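The structure appears right after this line, and notes come after that.
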Amino acid sequence: MTLSAYLPTWPLSISPALWLALALVIAVLVGEGLVRYLRLPRIVGYVGIGLLLGPAGLNLIPELPAAEWRLLVDLALGILLFELGSKVNLRWLKANPWIAGTSLLEAAATFFAVFGLLLWFDVAHVTAAVVATIAIATSPAIVVRTVTESRARGQVTERLLLMTALNCIYAIICHKLAVAFMHGEAGTGLIHTVLQPLYLIGGSALLGWLFGIAFNSIHRHLGRHEETFSFLLFGMIAIATIVASTLKLSPMLILLAAGLIVRYQRQRPRAFLPHFGSAGAVLVVLMFTANGLAANLDGLRDSMLLVLLLILVRTIAKLLPVLMLAKYSGISLQQALALGIALVPMSSLTLLLTLDTAAAFPAFASGLGLVLMSCIVILELAGPILVQMALRGAGETLEEKT
């Protein structure tokens, strides 16, 4: 027997999973330090450590394989989207139509402001429309995680959750339609240009409705066994994600729709374990850390002016409509200011939409895709702080109430 039979070969071949686990440990420790000493959200530590240690920073941890990273983000984001949907009461839109009007005006203002800015920079109309649809989305991951961590409750918090869910729906649907037109310009036949988004949107809505009914049915039988129900729910979210991928549907839209159906069919909200237990919580932390490791700041280096203008224009477009309709929707200007600021974050949802577009259009990947990636990194770091400040300013966090 030789030494090589029982000793490791040199140089050592280290699994990418070890690097991710190492980044996770450091990120959690830094996140706890931020909460304890600076009163900042843990997310900042998770994303910041991934950014610092990854290829965009010190390059101490190699780039994660795309397949492993995407599955992780899909599962974690699916958990957060379902959790978001299950917290939102769509009946509120009927009781107060001004909230629906505010949401629609804010989304439209964001789209046209970003669209107009890109046209000013001589970006093609269809490409500008795709970027503008992505810009509509407010990060469900940052909003849900920050609201859960701060245990916020109140008018601003409830409206923030509702408008975040609606923004996600607008962004996903409009993005699929805009991308279909990009395919049309690239030579795809008209029938496929029309049928592809119809299949994706209709199929995702139907599957989301079916999963929502299934979730409620299981909950009626296992509602008193929260731990068991959380395990089953986590498994069903994984099934929904894998089925969506197999059928080429949108797992994001399916799980958000399922959460909305679960909440709509219940007269009162049901309090699930945050992120459906410890396994879901670990996945969420891994997702933010992996986002930092996958960050790309080349767009900031090459197009800093456009990146900063996109962030500024998008922020103003989200804030002004909320302030304009504050009186009619039943909140004060101070509450409207907090709500508008809290709608600014971008994170995993916009990142996945950007990467999906980049995968289909290489020219987009090397151009505006990099610009969007830089915007996402900046707003993923600043976003949790903005949401925390907004909820504190509205007096709706636990620390403000005690």
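Values for this structure:
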| quantity | calculated |
| --- | --- |
| Any hit, segment 105-123, residues being of a type in the set (S, T, N, Q) and in contact with a Gly (Cβ under 9 Å, 6 or more places away or on another chain) | no |
| Residue check, VAL322 under 16 Å from the mean Cα position of the chain (by Cα), of a type in the set (Val, Ile, Thr) and buried (at least 23 other Cβ atoms within 10 Å of the Cβ) | no |
| Given (1) at pLDDT below 95; (2) on the phi < 0 side of the Ramachandran plot, number of the condition LEU386 does not satisfy | (1) |
| Test for LEU293: is it surrounded by 20 or more Cβ atoms within 10 Å (Cβ to Cβ), closer than 26 Å to PRO41 by Cα and of a type in the set (A, V, I, L, M, F, W, C) | yes |
| Members of segment 111-159 found to be crowded, with 24+ Cβ neighbours inside 10 Å, outside any helix (DSSP H, G or I) and out of contact with any His (no Cβ under 9 Å at 6 or more places or on another chain), listed by number | THR138, SER139, ALA152 |
| Residue among ARG36, ARG70 that is part of a helix (DSSP H, G or I), under 30 Å from LEU260 (Cβ atoms) and of a type in the set (Lys, Arg) | ARG70 |
| Any hit, segment 370-393, residues being among the small types (Gly, Ala, Ser), open to solvent by 10 Å² or more (accessible area, probe 1.4 Å) and part of a loop (DSSP other than H, G, I, E, B) | no |
| Unique residue being within 30 Å of PRO97 (Cα to Cα) and under 21 Å from the mean Cα position of the chain (by Cα) when the list is ALA336, ALA317 | ALA317 |
| Count - residues of segment 55-77 that are among the aliphatic types (A, V, I, L, M) and open to solvent by 50 Å² or more (accessible area, probe 1.4 Å) | 5 |
| Within segment 60-117, tally of residues that are among the small types (Gly, Ala, Ser), closer than 20 Å to LEU339 by Cβ and at pLDDT 95 or above | 7 |
| Residue match in segment 316-334 (condition: out of contact with any Asp or Glu (no Cβ under 7 Å at 6 or more places or on another chain), hydrophobic (A, V, I, L, M, F, W, C), closer than 17 Å to GLY369 by Cα and modelled with pLDDT of 95 or more) | no |
| Residue in segment 31-54 that is most open to solvent (accessible area, probe 1.4 Å), counting only those that are closer than 14 Å to GLY292 by Cα and of a type in the set (A, V, I, L, M) | LEU52 |
| Boolean, MET287 is open to solvent by 60 Å² or more (accessible area, probe 1.4 Å) and either out of contact with any Gly (no Cβ under 8 Å at 6 or more places or on another chain) or of a type in the set (Lys, Arg) (or both) | no |
| Any hit, segment 130-139, residues being modelled with pLDDT of 95 or more and closer than 26 Å to ALA21 by Cα | yes |
| Where a residue in segment 113-125 is closer than 16 Å to LEU177 by Cβ and its partner, wherever it lies, is open to solvent by 60 Å² or more (accessible area, probe 1.4 Å), with Cβ under 9 Å and at least six apart | PHE115/HIS125 |
| Selection from segment 81-106 of residues that are part of a helix (DSSP H, G or I), of a type in the set (A, V, I, L, M) and open to solvent by less than 10 Å² (accessible area, probe 1.4 Å) | LEU81, LEU84, ILE99 |
| Unique match (being of a type outside the set (Phe, Trp, Tyr), surrounded by fewer than 14 Cβ atoms within 10 Å (Cβ to Cβ) and at pLDDT 90 or above) among GLY189, GLY223, GLY208, GLY202 | GLY202 |
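The values are calculated or read from the model by the stated rules, or taken from the named source; none is laboratory data. Quick caveat: nothing in here was measured; it's all calculated off a predicted structure. A quick note on method: Cβ atoms are made from the backbone with ideal geometry, for glycine too, and the neighbour counts reach across all protein chains shown. Note: accessible area is taken over every heavy atom of the protein model, side chains too, but ligands, DNA and RNA are not part of it. Shrake-Rupley method; radii C 1.70, N 1.55, O 1.52, S 1.80 Å.
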